[in-house]
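The values are calculated or read from the model by the stated rules, or taken from the named source; none is laboratory data. Predicted model, so just to flag it, every value in this text is computed and none were measured. Ideal geometry is used to build each Cβ from the backbone, glycine not excepted, and the neighbour counts take in all protein chains shown. Ligands, DNA and RNA are excluded from the accessible area calculation, which covers all protein heavy atoms including side chains. Shrake-Rupley method; radii C 1.70, N 1.55, O 1.52, S 1.80 Å.
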Amino acid sequence: MKGTFITVEGIDGAGKSSFLPWIEHRLRAGGREVVLTREPGGTAVGERLRDILLHGALSADAEALLMFAARKEHIDAVILPALAAGTWVLCDRFTDATFAYQGAGRGVDERRLAALEHWIQRGLQPDHTILFDLPVEVARARSALVRRPDRFESEQADFFTRVRAGYLRRAASDPKRVSVIDASRTPDGVEAQLAALDFLR
Ligand code: TMP
């Protein structure tokens, strides 16, 4: 018995947070046990690191290292025990975000990130990843409507253009794992695309 590991990704303002409860409900309706969690975060120390990452002043390298430090705690304390118990893990962001934000966005060498991924994850990869994709201008217009922006949300459009391209490269390199959703559509249109994913049936 082993659970299934699902991650949800996208640039800020892509709308993934609005659909996480829908995805969770859909999995539970199919009779599955589900743990909903997030990165950075998901553990007590991970949430403290999240606060530093979203609000502190950090170099790009320190940011990448802290993301993986939080991830290590999360994997050991939450993700692996849940999967071992046959529970589905629905995780709001994971390592694709590090390649997109710290790699493509901030310019940290991808080989360094790949070495950390290999060290920390020891082969653990999401079974399925849902990537909410949309043009940067649409995402920015949406996030302008919400609360006070954090360090990432305050970045300029060209940063998010690189992050989006980084995500799309990850998706293209692993199309069996990563399902790209057109998040520029209406909520009904997004829901219809999610409902068509075979692991959400
Ligand atoms: P959230 O607002 O979707 O919870 O994500 C928090 C921010 O953290 C978001 O702007 C993306 C950023 N992030 C990274 O830069 N690298 C990572 O590895 C993760 C997991 C998140």
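Quick notes on this structure:
- Asp150 surrounded by 13 or more Cβ atoms within 10 Å (Cβ to Cβ), under 17 Å from Pro40 (Cα atoms), acidic (Asp, Glu) and at pLDDT below 95: yes
- Filtering segment 1-31 to residues that are among the polar types (S, T, N, Q), touching a Phe, Trp or Tyr at 6+ places or on another chain (Cβ under 6 Å) and within 12 Å of the ligand (Cβ to nearest atom) leaves only Thr7.
- Of all residues in segment 1-51, those satisfying the criterion of being over 16 Å from the mean Cα position of the chain (by Cα) and without any contact (Cβ under 8 Å) to a residue 12 or more places away in the chain are His25, Arg28, Ala29, Gly31, Ala44, Arg48, Asp51.
- Test: Asp109 is at pLDDT below 95 and out of contact with any Lys or Arg (no Cβ under 9 Å at 6 or more places or on another chain): no
- Residues that are in a helix (DSSP H, G or I), more than 22 Å from Phe19 (Cβ to Cβ) and aliphatic (A, V, I, L, M) were ranked within segment 71-103; the one that is nearest to the ligand (Cβ to nearest atom) is Ile75.
- Flag set for Leu66, criterion: among the aliphatic types (A, V, I, L, M) and in a helix (DSSP H, G or I).
- Test: Pro175 is more than 15 Å from the ligand (Cβ to nearest atom) and over 19 Å from the mean Cα position of the chain (by Cα): no
- For segment 8-27, the tally of residues that are open to solvent by 70 Å² or more (accessible area, probe 1.4 Å) and either modelled with pLDDT under 95 or not basic (Lys, Arg) (or both) stands at 4.
- Tally, over segment 28-48, of residues that are in a helix (DSSP H, G or I) and open to solvent by 30 Å² or more (accessible area, probe 1.4 Å): 6
- Count of residues meeting criterion [within 11 Å of the ligand (Cβ to nearest atom) and either β-branched (Val, Ile, Thr) or within 20 Å of Phe199 (Cβ to Cβ) (or both)] in segment 104-121: 1
- Note on segment 153-174: residues that are modelled with pLDDT of 95 or more and of a type in the set (Asp, Glu) total 2.
- Scanning segment 49-70 for residues that are of a type in the set (A, V, I, L, M, F, W, C), within 10 Å of the ligand (Cβ to nearest atom) and crowded, with 17+ Cβ neighbours inside 10 Å returns Leu53, Ala64, Leu66, Met67, Phe68, Ala70.
- Enumerated helices (runs of 4 or more DSSP H) restricted to segment 104-185, each holding at least 1 residues that are farther than 21 Å from Phe68 by Cβ: 136-143, 157-173
- Residues that are of a type outside the set (Val, Ile, Thr), touching a helix residue (DSSP H, G or I) at 6+ places or on another chain (Cβ under 8 Å) and within 26 Å of Arg28 (Cα to Cα) occur at least once in segment 133-155.
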